[in-house]
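Rule-based calculations on the coordinates, nothing more; no lab input. Every value quoted in this text rests on a predicted model; they were computed, and no experiment measured them. Note that each Cβ is placed from the backbone with ideal geometry, even for glycine, and that neighbours are counted across all protein chains shown.
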Amino acid sequence: MNATPVLVGYTTVVGFVAPALLLRARWPYRAPALAAAVWHALVVSFTVGAMLSVYNVVMPTEQLHVGLLGLLHSCGLDIGMSSPVPQGAGRLAVALPAVIGAAVTSSFLFHVVRARRLRTRHREAVDLVGRRSVRLGATILPYDTPAAYCLPGRRPRIVISDAAVRELTSAQLAAVLEHEQAHIAGRHHLALAAVEAFHSVFRRLPLARHAREQMTLLLEMVADDRALRGHSRETLATAMYEMAATRRPEGAFAAGGHTVVIRLERVLGPRQAPHPLFWGCVAACAVAVPLLPLLLACPPGLG
């Protein structure tokens, strides 16, 4: 069976339909870490599906029955195929998917390196202007507005303004620091770089646009949940409100910012975690979705 229509249809659904369904769902804000994993799974699945779709479109019709095995054979792997793939078509069929994979990979590396350079320059400036507080585990900057953000990476920094130290209570300050520490410990900058890279390659794709928008908000919610483990909702909410006008530097994560209103409603609203069975089903789907294009590309006898 020719897998091309199935692969193209599946990739189209992942790129255009799945984002709309996920945006309409209510559970992502109740389980932001799981929702972030689902967005990443869709990104990986679309990328793999696009690569295999291009391969199947370019490969001559009489050779399409070899499916994924033909792709592996064209890459030089001896898999015991009885019929060889034509060299010219095989090279082109491998080259085009390789371009897609290389574009996404190089874009990811570009965003990681670029963000690291921005954070390094900002970290050097912070170390010159600010003063290190061992008690808080943060660098305090002379700034007359309550603000806090972190610079993740190899040499992470949590930066907080002296106005925040003066105006926030000790509990509020501890909640803010816990929020920022969650970004560093969770390596959220890498998760954000992945969707930024995907958006750079597939800029007009709804999945790319919505994944980038939602990832920033979901990662902030994940950090909020980390802070709520040891602090009350009121404590975190008041601290977020005090720093609502904070503008985070590029490459940093801030407790305030433009997502505060949505996050405040979530923190102060009724909390109901998803049912464990639902959580397990969604987690299983997140693991399975990136593998579906590979299964669809297999010949009927092997798929």
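Pull out a ≥ b ≥ c, the square roots of the eigenvalues of the alpha-carbon gyration tensor of the stretch 138-209, then state rounded if a/c is under 1.5, prolate if not and a/b is larger than b/c, and oblate in the remaining case.
Judged from the Cα gyration tensor, the stretch 138-209 comes out prolate (a/c at least 1.5, a/b above b/c).
Taking neighbour Cβ counts within 10 Å as the exposure measure, how do Trp27, Trp39 sort from fewest upward?
With the sparsest Cβ surroundings first, the list reads Trp27, Trp39.
Mind jotting down the distance between the C-alpha centroids of the stretch 11-38 and the stretch 189-211, whole Å?
Cα centroid to Cα centroid, the span is 14 Å.
Lys/Arg Cβ at +1, Asp/Glu Cβ at -1, dipole of the stretch 4-297 taken about the Cα centre: which of Thr169, Val260, Leu217 is farthest positive-ward?
Looking along the dipole axis, the top candidate is Thr169.
Report the convex hull volume per residue for the chain, counting only C-alpha atoms, in Å³.
144
Where in the stretch 166-193 does the amide nitrogen come within less than 12 Å of the point 7 Å from the Cα of Arg229, taken along Cα to Cβ?
Label zone hits: 178-179, 181-183, 185-186.
Given the stretch 221-303, what whole percent of its Cα pairs are spread farther than 20 Å?
Every Cα pair in the stretch 221-303 considered, those over 20 Å come to 55 percent.
Hey, can you rank 271-284, 211-224, 120-133, 178-191 by average C-beta count inside 10 Å, highest first? Don't jump to the answer; show the numbers that get you there.
Details: 271-284: 12.1, 211-224: 22.1, 120-133: 13.7, 178-191: 19.9.
My ranking of the peptides, most packed first, is 211-224, 178-191, 120-133, 271-284.
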